[in-house]
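S.K.: Take a look at this one; I'll ask things after.
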Amino acid sequence: QVQLVESGGGLVQAGGSLRLSCVASGLTFSRYSMGWFRQVPGKEREFVAALSQSGTGTYYLDPLRGRFTISRDNAKNTVYLSINSLRPEDTAVYYCAATTKQYDLGLQTYDYWGQGTQVTVSS
C-alpha cells in the first residue's frame, strides 16, 4: 500500500530551526507532486507548501514564505520541509501529502496523506 511517513518534529525553542522529512513507499515517487500541511486543535488543516514532481516548481502560503522551504530527493523517495525562525504559532501537527495532479493548496488535490509529526515551539 501507499505509505507516507513523516518524521523530524519535536519540541524546539522559538527562533530555532527544524527539518521535517516524509518518506514515501508504494508509489512511483517521481510521478507525484508533494505538499505539506499543518493543523492545530480546533482549526482546519492549513496548506503550507507544495512542490512539483521535478522539485523545480514551488508554491508557499504567502505568510510563511521566507521561513519555510520545501524540497525533495527523488532518489530517496523523500520530501522535506525546512522551517527557520520558528515561532510559537508554528506549533501544529505537520502532514505531507502526494498527488498526481498539478500541485496546489487544495486539500482535495492530494491523494495520499501521512500520519503527521508534531512540532511544538516554546517561547
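S.K.: Is it the case that the range 53-61 has a residue that's at pLDDT 95 or above and within 17 Å of Ser25 (Cα to Cα)?
M.R.: No.
S.K.: If you don't mind, another one. May I ask you to say which residue of Val93, Val119 is touching a residue at least 24 places away in the same chain (Cβ under 8 Å), within 13 Å of Leu18 (Cα to Cα) and aliphatic (A, V, I, L, M)?
M.R.: So the residue among Val93, Val119 that is touching a residue at least 24 places away in the same chain (Cβ under 8 Å), within 13 Å of Leu18 (Cα to Cα) and aliphatic (A, V, I, L, M) is Val119.
S.K.: Let me ask something else. If we only count strands (runs of 3 or more DSSP E) wholly inside the range 15-123, which ones have 2 or more residues that are open to solvent by 60 Å² or more (accessible area, probe 1.4 Å)? I'd like the intermediate steps shown before the answer.
M.R.: Values: elements: 18-25, 33-39, 46-51, 58-60, 68-73, 78-83, 92-99, 117-122.
Strands (runs of 3 or more DSSP E) meeting the threshold: 18-25, 58-60.
S.K.: Also: Can you confirm whether the range 53-66 contains a residue that is within 19 Å of Ser123 (Cα to Cα) and of a type outside the set (D, E, K, R)? Spell out the reasoning first.
M.R.: Of the range 53-66, the ones within 19 Å of Ser123 (Cα to Cα) are 64.
Next cut, of a type outside the set (D, E, K, R) only: 64.
Yes, because at least one residue in the range 53-66 is within 19 Å of Ser123 (Cα to Cα) and of a type outside the set (D, E, K, R).
S.K.: Need pairs with beta-carbon distance below 9 Å; first residue farther than 14 Å from Arg38 by Cα and within the range 62-73, second assigned to a helix (DSSP H, G or I) and aromatic (Phe, Trp, Tyr); sequence gap 6+ or separate chains.
M.R.: Short answer, once both residue conditions are applied: Arg72/Phe29.
S.K.: Quick one: how many residues across the range 1-14 are polar (S, T, N, Q) and part of a loop (DSSP other than H, G, I, E, B)?
M.R.: Initially, the range 1-14 is screened for residues polar (S, T, N, Q), giving 1, 3, 7, 13.
From what's left, part of a loop (DSSP other than H, G, I, E, B): 1.
Number satisfying all stated conditions: 1.
S.K.: Specify the residue that is farthest from the chain's Cα centre (by Cα); the eligible residues are those in the range 73-107 that are modelled with pLDDT of 95 or more and under 14 Å from Arg45 (Cβ atoms).
M.R.: Step by step, filter the range 73-107, then rank; the result is Ala92.
The values are calculated or read from the model by the stated rules, or taken from the named source; none is laboratory data. It should be emphasised that the depicted structure is a prediction, and the values quoted were computed from it without experimental measurement. Note: ideal-geometry Cβ built from the backbone for every residue, glycine included; neighbour counts use all protein chains shown. Side chains included, ligands, DNA and RNA excluded: accessible areas come from the protein's heavy atoms. Shrake-Rupley method; radii C 1.70, N 1.55, O 1.52, S 1.80 Å.
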